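Before any comments, here is the structure.
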Amino acid sequence: MASLEIPAGDVQVFVHGEREQMKRMRRLLVEERGLPRRGMSLSAYWAFGCVEDQFQAEKRTPVGQIDPA
């Protein structure tokens, strides 16, 4: 993703995956590459080392947030 050529114009992004990877992806695309968040669907569907109940509970805490609180 770091070397991906981003076309000019209105870019739409749809990336879903593991939580820590999604945090990195959001930083890369928004902070480093300057893409606006309005055209972005970026979501964590699971977290490495977590069972589903733990993952769902953590989503409501700072560690579980993709965006900084």
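Close contacts from region 36-49, counting a first residue that is free of Cβ contacts under 8 Å to residues at least 40 places away in the same chain and a second that is of a type in the set (A, V, I, L, M) and open to solvent by 100 Å² or more (accessible area, probe 1.4 Å), with Cβ to Cβ under 8 Å and a gap of 6+ residues or different chains, come to none at all. Of all residues in region 13-56, those satisfying the criterion of being open to solvent by 50 Å² or more (accessible area, probe 1.4 Å), more than 19 Å from Ala2 (Cβ to Cβ) and part of a helix (DSSP H, G or I) are Arg38, Glu52, Asp53, Gln54, Gln56.
Confirm whether Glu5 is at negative phi, without any contact (Cβ under 8 Å) to a residue 40 or more places away in the chain, exposed (fewer than 10 other Cβ atoms within 10 Å of the Cβ) and not aromatic (Phe, Trp, Tyr). For Glu5, the condition - at negative phi, without any contact (Cβ under 8 Å) to a residue 40 or more places away in the chain, exposed (fewer than 10 other Cβ atoms within 10 Å of the Cβ) and not aromatic (Phe, Trp, Tyr) - is met.
Cβ-Cβ contacts under 6 Å between residues 6 or more apart (or on different chains), taken from a first residue in region 9-33 that is more than 16 Å from Ala47 (Cα to Cα) to a second residue that is hydroxyl-bearing (Ser, Thr, Tyr) and not in a helix (DSSP H, G or I), are listed as Phe14/Ser41.
Of all the numbered requirements in (1) open to solvent by 30 Å² or more (accessible area, probe 1.4 Å); (2) at pLDDT 90 or above; (3) out of contact with any His (no Cβ under 8 Å at 6 or more places or on another chain), Gln65 misses one, and that requirement is (2).
The values are calculated or read from the model by the stated rules, or taken from the named source; none is laboratory data. Please read all numbers here as calculations on a predicted model, not as lab measurements. Every residue, glycine as well, gets a Cβ built from its backbone with ideal geometry; the counts of neighbours run over all protein chains shown. With ligands, DNA and RNA removed, areas are computed over all heavy atoms of the protein, side chains included. Shrake-Rupley method; radii C 1.70, N 1.55, O 1.52, S 1.80 Å.
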